[in-house]
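Q: Structure provided below as C-alpha cells; questions to follow.
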Amino acid sequence: MRSNRLELLPAVDVRDGQAVRLVHGESGSETSYGDPMEAALAWQRAGAEWLHLVDLDAAFGTGDNREQIAEVARAMDLRVELSGGIRDDASLSAALATGCARVNLGTAALESPEWVAKVIAEHGDLIAVGLDVRGTTLRGRGWTRDGGDLYETLARLDSEGCSRYVVTDIAKDGTLQGPNLELLRNVCAATEKPVVASGGVSSLDDLRALATLVPEGVEGAIVGKALYAKAFTLEEALEAVSV
Ligand SMILES: O=C(O)c1ccccc1NCC(=O)[C@H](O)[C@H](O)COP(=O)(O)O
C-alpha cells in the first residue's frame, strides 16, 4: 500500500571525491560542499530516511568514486538510493554489494534495454529507472546525449515490470526554480508505478506542492541544492511533508 506521506531523499552528488551541486547537471558547473561522508551523516542525523547518493564521475565517464561511495553507503543506517554510471553487471554488482536499498539506472535504460529488462526481472524493487528529460526527450551519459522519447521508454519499461521511476527535469535541476509539477503529473498519468521527483526544489512550499501529488503517484522528492544553500533545514522539510 502506498504511503500518504511524501518521502524525502536528500542528495549527495560526488565529483572528484567531493560533495557537489551542479546546475542543469552540467559538468564544470560544480559548487563544492566538502566531504560526502560528512554531508551524508549530517542528513542522517537530521532524520533522513533515505539518501540519494550519486557518482557523478561514473555518470560522466570521467572516472569513478566507487570506493568512497561504497564507504558512505555502508556507514548509513538509513536507506540509500545509488545513482550514476550503473550500466553493466560489474557496476550493478558493486552497487548492490554496498547494501543499498535500490539502484537507479539511467543511461543503461536507454542504451542497453535488453540488459535492463533482465536486471529488472532479476532484482525487482531494487531497480529504479531514472528518466532524465529535457522537454520530453530523455538524456543519458551524464545527461549529455539524447536517448529517445520519455513516454515511449516509460511504456516499454512498464511492460518489463520496472517498479519505480526517478523523474528529473534537467532544465530545473540545481536551479532552485521549483519542480516541474506538470511533467510529474503527466508521468504519473502515464504509469501506475511510483515516481520520485528530482530537480529544482527551492522551498518548503515546493515540497508541499509535491506532497499534493502523492495521490497521483509521486512517492518521494530528491532535494539537493536547497538543503546545501540552506533555503530550509531537513528537519523543517520533514515537518512540512508530515501528515
Ligand atoms: O543522478 C544522476 O545519475 C546524474 C547524472 C548526471 C548529472 C546529475 C545527476 N544527478 C543529479 C541529481 O540526482 C540531483 O542530486 C537531484 O536532481 C537534486 O536536484 P536539486 O534539488 O535541484 O539540486
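The values are calculated or read from the model by the stated rules, or taken from the named source; none is laboratory data. Since the model is a prediction, treat every value here as computed from it, not as a measurement. Neighbour counts run over all protein chains shown; Cβ positions are idealised from the backbone, glycine included. Areas reflect the complete protein model, heavy atoms only, side chains present, ligands, DNA and RNA absent. Shrake-Rupley method; radii C 1.70, N 1.55, O 1.52, S 1.80 Å.
Q: Please find, among Leu184, Leu157, the residue that is on the phi < 0 side of the Ramachandran plot, in a helix (DSSP H, G or I) and within 14 Å of the ligand (Cβ to nearest atom).
A: It is Leu184.
Q: Hey, among the residues in region 149-190 that are farther than 23 Å from Asp13 by Cβ and of a type in the set (Ser, Thr, Tyr), which one's most open to solvent (accessible area, probe 1.4 Å)?
A: Among those that are farther than 23 Å from Asp13 by Cβ and of a type in the set (Ser, Thr, Tyr), it is Ser159.
Q: Being open to solvent by less than 50 Å² (accessible area, probe 1.4 Å) and assigned to a helix (DSSP H, G or I) is the filter here; which residues of region 191-220 pass it?
A: Leu204, Asp206, Leu207, Ala209, Leu210, Ala211, Val214 - these are the residues of region 191-220 that are open to solvent by less than 50 Å² (accessible area, probe 1.4 Å) and assigned to a helix (DSSP H, G or I).
Q: Please enumerate the residues belonging to region 106-127 that are in a helix (DSSP H, G or I) and touching a helix residue (DSSP H, G or I) at 6+ places or on another chain (Cβ under 9 Å).
A: Within region 106-127, Thr107, Ala108, Ala109, Leu110, Pro113, Trp115, Val116, Ala117, Val119, Ile120, His123, Leu126 meet the criteria.
Q: Does Gly47 satisfy the criteria of being in contact with a strand residue (DSSP E or B) (Cβ under 7 Å, 6 or more places away or on another chain), in contact (Cβ under 8 Å) with a residue 24 or more places away in the chain and farther than 16 Å from Lys225 by Cα?
A: No.
Q: I would also like to ask the following. Return the only residue of Arg134, Arg145 being open to solvent by 20 Å² or more (accessible area, probe 1.4 Å), within 12 Å of the ligand (Cβ to nearest atom) and of a type outside the set (A, V, I, L, M, F, W, C).
A: Being open to solvent by 20 Å² or more (accessible area, probe 1.4 Å), within 12 Å of the ligand (Cβ to nearest atom) and of a type outside the set (A, V, I, L, M, F, W, C) holds for just one of Arg134, Arg145, which is Arg145.
Q: Quick one: is Glu192 under 16 Å from Asp132 (Cα atoms), more than 11 Å from the ligand (Cβ to nearest atom) and more than 17 Å from the chain's Cα centre (by Cα)?
A: So Glu192 fails the test.
Q: Sticking with this structure for a sec: Residue under question is Val23, and the condition is that it be open to solvent by less than 40 Å² (accessible area, probe 1.4 Å) and within 25 Å of Leu210 (Cβ to Cβ); does it hold?
A: No: the conditions fail for Val23.
Q: To continue, here is another question. Only one of these is in contact (Cβ under 8 Å) with a residue 40 or more places away in the chain and within 17 Å of Ala108 (Cα to Cα): Leu82, Leu56, Leu92. Name it.
A: Of Leu82, Leu56, Leu92, the one residue that is in contact (Cβ under 8 Å) with a residue 40 or more places away in the chain and within 17 Å of Ala108 (Cα to Cα) is Leu56.
Q: Here's a follow-up. Scan region 160-181 for residues that are among the polar types (S, T, N, Q) and part of a loop (DSSP other than H, G, I, E, B) and jot them down.
A: Scanning region 160-181 gives Ser163, Thr175, Gln177, Asn180.
Q: Say we look at region 59-84 and pick out the residues that are at pLDDT below 95 and within 17 Å of the chain's Cα centre (by Cα); which of these is surrounded by the fewest Cβ atoms within 10 Å (Cβ to Cβ)?
A: Phe60
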